[in-house]
Each structure stands twice: as structure tokens, then as C-alpha cells.
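Only one structure is covered here, and it is reproduced in the block below.
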Amino acid sequence: MSPKSQADQKEYPPLEHVPFHVGIIMDGNGRWAQARGLPRLAGHQAGTDNLRRILRATVEFGIKILTIYAFSTENWGRPESEVSGLMRLMERMIDRELSELHAQGVQIRHIGRSDHVPERMLEKIQHALDVTKDNQHLILNVAFNYGGRKELVDAVRAIVADGVAPEAIDEALIDRYLYTAGLPDADLIIRTSGEMRVSNFLIWQGAYAEYYVTPTFWPDFDKDELYKALVAFDRRERRFGVLS
Ligand code: FPP
């Protein structure tokens with residue numbers, strides 16, 4: 001048996017509580033590349049390849065919603081060559097992976113703004129959303145051109161534009177105006193590369209999420225690492241502000 005198929009066949013002890021909604025801050029692509037004397041884009045390429053593997057593992061472990069932080073509203077400030085390289089990688093990922101993701105029953109959603117995004121990219125995203133909209137196996141929220149504060153700004157603007165009365169505003173109503181409307185909050189948020197920051201990711205939906213930080217850079221975060229994060233989640237006691 002090849003090492004790859006051995007890894008595919010590996011048995012993982014069952015977990016008592018599998019998080020329904022997992023968010024991942026896929027950090028450390030640049031440092032992964034730097035440590036190998038490679039350009040930063042090689043790290044993003046390796047990160048994209050890893051995303052493919054982790055998507056498969058996510059379905060296998062029974063996670064129902066995965067939200068990935070692919071590109072923040074702040075990432076436009078990176079050098080133009082890195083930004084355009086990232087756009088190219090994402091376009092290529094849609095071109096190459098869409099049919100397999102569709103076959104796996106993955107429903108792709110976009111959370112984030114559309115401004116600044118090249119027209120061709122927007123068309124590709126829309127095509128991916130249209131093709132997969134009825135799939136039920138896994139919801140993949142791609143946080144692209146996303147910022148948690150901007151999401152709240154957009155929600156407030158829409159609430160005001162709809163003429164909602166102040167006394168009608170409660171948490172459930174705000175939930176319905178977020179990009180993630182209709183989806184439950186994140187249960188577990190994973191951040192790779194050791195940084196202890198939220199970085200404007202799911203700041204509303206992560207209010208009661210369990211956080212898990214690993215020093216592993218994103219391109220090396222494999223199925224075993226994901227399982228470790230799920231075990232850590234399984235051992236946590238979630239109290240939601242009340243006593244156990
Ligand atoms: C953070 O690493 C990573 C990003 C800003 C981009 C994440 C994007 C991918 C993994 C590409 C795949 C996404 C899709 C949807 C195809 P960093 O560059 O901040 O790393 P550093 O902190 O080590 O510099």
C-alpha cells in the first residue's frame with residue numbers, strides 16, 4: 001500500500017462532539033515559503049493544495065459548515081504581485097476543483113464584499129455559487145474580501161435602509177442581516193501559525209466559539225492536525241456564560 005493510501009485509510013477514534021461549524025484562519029503560507037527559501041506565492045500555492053486535502057477531511061469527520069478566511073479586506077494592502085498571484089490561484093482553484101466539489105456535495109457560498117474584486121473573478125465566484133447551490137453535504141463559506149467589522153457595517157446599513165424600528169432590533173435580527181444569515185454560529189475557530197489574534201474574522205459569529213491555535217503553518221496542517229483540533233474541542237466544556 002502506498003504511503004498516501006495508508007494515510008487515507010487511517011482510522012481515527014470517534015469523537016463525542018463534532019463541531020457543526022468550523023472556521024479556519026489559514027495563516028502562515030508566507031513563513032512556510034520563507035523557511036524553504038521560496039517566494040511567498042509558493043506558500044500560497046501550497047496552502048491552496050492543502051485546502052483541497054482539508055476539505056476532504058472536513059467531510060470525512062462530519063463537519064457540516066466550514067468557513068475559511070481566504071482574503072481579508074485588509075489584504076488588498078499587500079504588494080500588487082502577491083494580490084494578483086492570490087487572485088490567480090483562487091481562479092485556478094475554482095476552475096480545477098469546482099466539478100469535484102460539486103460531486104462531493106459541497107455548497108459553496110461567498111461571504112464578503114464585491115468591491116475591488118476583478119469582474120472575471122466575480123463571474124467565476126457567481127458561477128461556483130450557482131452550480132453548487134442545492135448541495136447539502138458541506139457548506140463551504142469562502143470569506144473573500146471579508147472583514148468582520150465591515151460585515152457589521154453592512155448589516156447596520158441594510159437594517160436602516162429597511163426602516164427597521166429600533167425596538168425591533170435584537171440579536172436574532174442582526175443575525176439575519178449578516179453574510180452568514182440562516183447559518184448557526186461558529187463552534188470552533190482554528191488558527192494556524194501560532195498567532196493569537198482574531199484578525200477581524202467572524203467577530204459576531206465567533207462570540208462563543210472555542211478557539212484552537214497551532215504553531216503549524218497552514219500548508220502543513222494536515223488531516224491529523226485537524227483531528228487534534230477536533231479532539232481539543234471535544235474536551236472543552238462549553239458554558240456559554242452560565243455555570244456547568
Ligand atoms: C495567510 O498567510 C494566508 C492568506 C492571506 C491567504 C490564504 C489563502 C489561501 C490558502 C489560498 C487558497 C484560498 C482559496 C479560496 C483558493 P500569510 O501570507 O499571512 O502568511 P504569513 O503570516 O506567514 O506571511
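Some observations on this one:
- The one condition in (1) within 15 Å of the ligand (Cβ to nearest atom); (2) open to solvent by less than 60 Å² (accessible area, probe 1.4 Å); (3) not small (G, A, S) that P215 fails to fulfil: (2)
- All positions within the range 121-137 that are without any contact (Cβ under 8 Å) to a residue 40 or more places away in the chain, assigned to a loop (DSSP other than H, G, I, E, B) and not acidic (D, E): K133, N135, Q136
- Inspection of the range 82-95 finds no residue satisfying the criterion of being within 21 Å of H137 (Cα to Cα) and either more than 14 Å from the ligand (Cβ to nearest atom) or touching a Pro at 6+ places or on another chain (Cβ under 6 Å) (or both).
- Taking the listed residues A155, A143, the one that is under 21 Å from Y179 (Cβ atoms), small (G, A, S) and touching a helix residue (DSSP H, G or I) at 6+ places or on another chain (Cβ under 8 Å) is A155, with no other qualifying.
- Checked against the criterion of being over 19 Å from D224 (Cα atoms) and more than 8 Å from the ligand (Cβ to nearest atom), the candidates L66, L41 yield just one match: L41.
- Note on the range 41-79: residues that are open to solvent by 50 Å² or more (accessible area, probe 1.4 Å), more than 26 Å from E151 (Cα to Cα) and touching a Gly at 6+ places or on another chain (Cβ under 8 Å) total 1.
- Residue match in the range 209-220 (condition: of a type in the set (D, E), in contact with a strand residue (DSSP E or B) (Cβ under 7 Å, 6 or more places away or on another chain) and at pLDDT 95 or above): yes
- Residue selected from the range 108-149 under the condition of a type in the set (K, R) and more than 17 Å from the chain's Cα centre (by Cα), by the criterion most open to solvent (accessible area, probe 1.4 Å): R120
The values are calculated or read from the model by the stated rules, or taken from the named source; none is laboratory data. No experiment lies behind these values; they were computed from the predicted model shown. Neighbour counts are summed over all protein chains in view; Cβ atoms, including those assigned to glycine, are modelled from backbone coordinates with ideal geometry. Surface accessibility is based on the protein's heavy atoms, side chains included, excluding ligands, DNA and RNA. Shrake-Rupley method; radii C 1.70, N 1.55, O 1.52, S 1.80 Å.
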